[in-house]
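To start, the structure under review is shown below, and the notes come after it.
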Amino acid sequence: MVSKVLVANRGEIACRILRACNEAGLATVAVFAENDATSLFVELADEAVMLSGETITETYLDQSQILSIAGASGADAIHPGFGFLSERADFARAVTQAGIQWIGPSADAIEKMGDKMTARITMRDAGVPVIPGEEIEQTDEIEALAAIEQASTRVGYPLLLKASSGGGGKGMRAVERPEELLDAARGARREALAAFGDGRVYLERLLTGSKHVEIQVLADRHGRTIHLGERECSVQRRHQKVFEEAPCATMTEEIRAAMGDAAVAAAMAVNYEGAGTVEFLLAPNGEFFFLEMNTRIQVEHPVTELVTGVDIVREQLRIAAGEPMSCGELHIRGHAIEVRLYAEDASKNFLPAIGPLAVFIPPEGPGIRLDTGVRQGDEVTPNYDPMLAKLIVWAPSRIEALQRMRRALDEFVVLGTTTNLRFLRELCDVPDVIDGTTDTTMIDRLWPQGWNPQVPLEIEDAALMAAAIGESAGLHRRSHTSPDAHASAGPVSPFATLNRRFP
C-alpha cells in the first residue's frame, strides 16, 4: 500500500504528480531548494521541506538528504518525475533498501536500459530490431579511438556517435566523412564524460529522413504488459523535442502493431514495471529500429493521455501500490499535439533566456491543456532547464488539432523574458508539419543558418507590451466596434490580434 508520496522533483512535472496524488487521495511531500521557495509545486504539496545547499548537486541530486526527509516525513513512496534522479539506478536501489516504495521500474531494469550499449545488446537478444552499429567498450582514450576508427569502416558513413550513458543530445555527434571521425569522437567522449561521468560512446548508422516514433508502455505486477500506442517526436532542435503528437500521422495499422509488439517485448526482456517509453526510428520504407528506452515518465506523456483517456501518472501510483492497472481495451480517439514553451531565443540558436514573467496569459477554451510550474510574476533564472510549460491540444482530427494549436499559440502571451512562442507558431504552418511528413532533420534543413523571424523579437515584444499597457485603457480588437461582430465573437484579448500580425 502507498499512502504518502514524496515527489523528488520540481517544476511542472512535480505539479503534475502532486495533482495526481491528490486525486488518488494520497498525502504528498515536496522537497525544494531555497530559490524554489515560492514556486507553485511547493504550494500544491501537503507538506514541503526545504533542501539544504545551493547547487543542484547539493539539493535535488542529494540522495541521502532526500531519503532522510522521506523517513522523517513518514513518506512511504517516492516519485522521481523525469530528469534529476529518475533514471539513477543507485537511487532507486537505495529507496527500496530503505523500505520505501520506488514509483518506477526496478534498479536492475534502469541499469540495463540506462546503459545504451547494454540496452542494444539486450534488445538484439529479445528480437527487437536495432540500428546497425557497434558498441565500443574500451575506456582508454587511445584504445577507444582506434576501436572507433575500425568500427566506422564496418558501420559505414554517415554515422552517429552516441554516449553510452547519454541523453538529451549530449555526447552525440553526426559524422559525414572519415576525416571528421576522430575530432568528433574526441568531442563526444569529452562531453559524455563531463555530463555523465562515462566517456564511452558507440556507433550507429545515421538514418536520414527517418521519423522519431516512441511507444508508451505500462507493466504491472500481475503479469500484464501493454502499450498505449505511439507518439511522433520528430521535430527536434539540438536533438531535443519541441513538437510532439499522437498518433503519428503516417503510421499504418501494420507498423503500429509490429512496433507495439516490439516495445512490449523490450519491456518484458528486463522485467519492466510501471510506465516507460521505448523509442524507435521509423525509416521511409517502413522499417523501424530501437533507439533507447526511457525508464520514467516522459515529458510528452500528455498527448498519449488525451488520445487514450489513460491517466499515466495515476497508473504509476496504482502499479507501485501493487494494484493491477485499470486500463481496459484501448482505442485511439482523435488527435493530440504538444509543444514545449521555452524561455529561449530561437533566433539565436535557441539560447536560454532569463527574466521576470511580467505577463503570463495562457490560452483557454475547449481541447486545451497546459502543464506548467510557473505563474505570472515568477522569475526565470539560469538555475534550471528553461522549459516553462507544455501546451497540449486535442481535437477529433489532426487538421482540427493543428488549427486549435495555432489559435492557442496566437492567444498565449508571455512578456518579460524571451520565449520560443513565435517559432512554435511558425512551425504550425510548415508544409511538412501540415502534411505529417516531418523527420528528425526538418528544423536543420529548413533553417540551416538558424531561425530568423521576419519581425525581430524585440519589436514584437515592444508591441505586445504596449498592448498590455493599452488594455487597461480600453484597447480592444477592431471587430469590437461592430455590434454584430461583438455579439457573435465575444470579447477577445488584444494579444491574439497582435500575435497574428507577426508572420
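The values are calculated or read from the model by the stated rules, or taken from the named source; none is laboratory data. None of these values were measured; they are calculated from a predicted model. Cβ coordinates were reconstructed from backbone atoms using ideal geometry, including for glycine residues, and neighbour counts include every protein chain displayed.
Residues in the stretch 183-217 that are assigned to a loop (DSSP other than H, G, I, E, B) and β-branched (V, I, T): how many?
Residues that pass the stated criteria total 1.
When the stretch 197-217 is examined, which residues are found to be surrounded by 24 or more Cβ atoms within 10 Å (Cβ to Cβ) and aliphatic (A, V, I, L, M)?
If the condition is that a residue be surrounded by 24 or more Cβ atoms within 10 Å (Cβ to Cβ) and aliphatic (A, V, I, L, M), then V201, L203, V213, I215 are the ones that fit.
Of all residues in the stretch 361-405, count the ones that are β-branched (V, I, T) and over 18 Å from N420 (Cα atoms).
Qualifying residue count for the region: 2.
With touching a residue at least 24 places away in the same chain (Cβ under 8 Å) and either loosely packed, with under 14 Cβ neighbours inside 10 Å or assigned by TED's automatic domain parsing to the domain that holds E111 (or both) as the only criterion, which of E23, E47, E54 stands out?
Testing whether each residue is touching a residue at least 24 places away in the same chain (Cβ under 8 Å) and either loosely packed, with under 14 Cβ neighbours inside 10 Å or assigned by TED's automatic domain parsing to the domain that holds E111 (or both) leaves just E23.
Quick one: D429 ticks every box in (1) of a type in the set (D, E); (2) surrounded by 13 or more Cβ atoms within 10 Å (Cβ to Cβ); (3) modelled with pLDDT of 60 or more bar one, so which box is it?
(2)
Check D115, D76, D140 and return the single one that is over 22 Å from the mean Cα position of the chain (by Cα) and either closer than 16 Å to E279 by Cβ or assigned by TED's automatic domain parsing to the domain that holds V42 (or both).
Sole residue among the options that is over 22 Å from the mean Cα position of the chain (by Cα) and either closer than 16 Å to E279 by Cβ or assigned by TED's automatic domain parsing to the domain that holds V42 (or both): D76.
Scan the stretch 378-400 and tell me whether some residue there is over 21 Å from N9 (Cα atoms), assigned by TED's automatic domain parsing to the domain that holds W451, touching a Phe, Trp or Tyr at 6+ places or on another chain (Cβ under 8 Å) and modelled with pLDDT of 95 or more.
Among the residues of the stretch 378-400, not one is over 21 Å from N9 (Cα atoms), assigned by TED's automatic domain parsing to the domain that holds W451, touching a Phe, Trp or Tyr at 6+ places or on another chain (Cβ under 8 Å) and modelled with pLDDT of 95 or more, which makes the answer no.
Among G309, G322, G328, G365, which is the only one that is over 19 Å from the mean Cα position of the chain (by Cα), over 30 Å from A92 (Cβ atoms) and small (G, A, S)?
Answer to the check: G365.
Rundown of residues vs (1) among the aromatic types (F, W, Y); (2) in contact with a helix residue (DSSP H, G or I) (Cβ under 7 Å, 6 or more places away or on another chain); (3) more than 18 Å from P105 (Cα to Cα), yes/no style:
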| site | (1), (2), (3) |
| --- | --- |
| D183 | no, no, yes |
| L193 | no, no, yes |
| G209 | no, no, yes |
| G223 | no, no, no |
| L228 | no, yes, no |
| F243 | yes, yes, yes |
| M259 | no, no, yes |
| A262 | no, no, yes |
| A267 | no, no, no |
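Looking at P105 and the list (1) closer than 21 Å to Y202 by Cβ; (2) surrounded by 16 or more Cβ atoms within 10 Å (Cβ to Cβ); (3) of a type outside the set (A, V, I, L, M, F, W, C), which single condition is not satisfied?
All conditions are met except number (1).
Take the stretch 359-368 and flag every residue that is outside any strand (DSSP E or B) and surrounded by 14 or more Cβ atoms within 10 Å (Cβ to Cβ).
Result: P362, P363, G367.
So A174 passes all but one of these: (1) in a strand (DSSP E or B); (2) surrounded by 20 or more Cβ atoms within 10 Å (Cβ to Cβ). Which condition number does it fail?
(2)
What number of residues in the stretch 110-136 are under 23 Å from P158 (Cβ atoms) and either touching a residue at least 40 places away in the same chain (Cβ under 8 Å) or of a type in the set (F, W, Y) (or both)?
So the count comes out to 13.
Starting from the stretch 317-331, keep only residues that are closer than 14 Å to A275 by Cβ, then list their pairs with residues that are surrounded by fewer than 15 Cβ atoms within 10 Å (Cβ to Cβ) and at pLDDT 90 or above whose Cβ atoms are within a distance under 8 Å, requiring at least 6 positions of separation or different chains.
Close Cβ pairs (under 8 Å, with a partner that is surrounded by fewer than 15 Cβ atoms within 10 Å (Cβ to Cβ) and at pLDDT 90 or above) amount to R318/P324; R318/S326; I319/R221; M325/R224.
With the checklist (1) surrounded by fewer than 24 Cβ atoms within 10 Å (Cβ to Cβ); (2) under 22 Å from I434 (Cα atoms); (3) β-branched (V, I, T) in hand, flag the one item T225 doesn't pass.
(2)
Failed condition for I66, given (1) under 23 Å from the mean Cα position of the chain (by Cα); (2) crowded, with 19+ Cβ neighbours inside 10 Å; (3) touching a residue at least 40 places away in the same chain (Cβ under 8 Å), with all others met?
Single failed check for I66: (1).
With A107, A77 as the choices, which residue is without any contact (Cβ under 8 Å) to a residue 24 or more places away in the chain and among the small types (G, A, S)?
After applying the criteria, what remains is A107.
If a residue has to be part of a loop (DSSP other than H, G, I, E, B), among the small types (G, A, S), surrounded by fewer than 16 Cβ atoms within 10 Å (Cβ to Cβ) and in the same structural domain as R406 (by TED's automatic domain parsing) to count, how many in the stretch 318-358 make the cut?
Residues flagged as part of a loop (DSSP other than H, G, I, E, B), among the small types (G, A, S), surrounded by fewer than 16 Cβ atoms within 10 Å (Cβ to Cβ) and in the same structural domain as R406 (by TED's automatic domain parsing) within the stretch 318-358 amount to 1.
If M117 meets every condition in (1) more than 30 Å from A75 (Cα to Cα); (2) at pLDDT 95 or above; (3) buried (at least 19 other Cβ atoms within 10 Å of the Cβ) apart from one, which number is that one?
The failed condition is (2).
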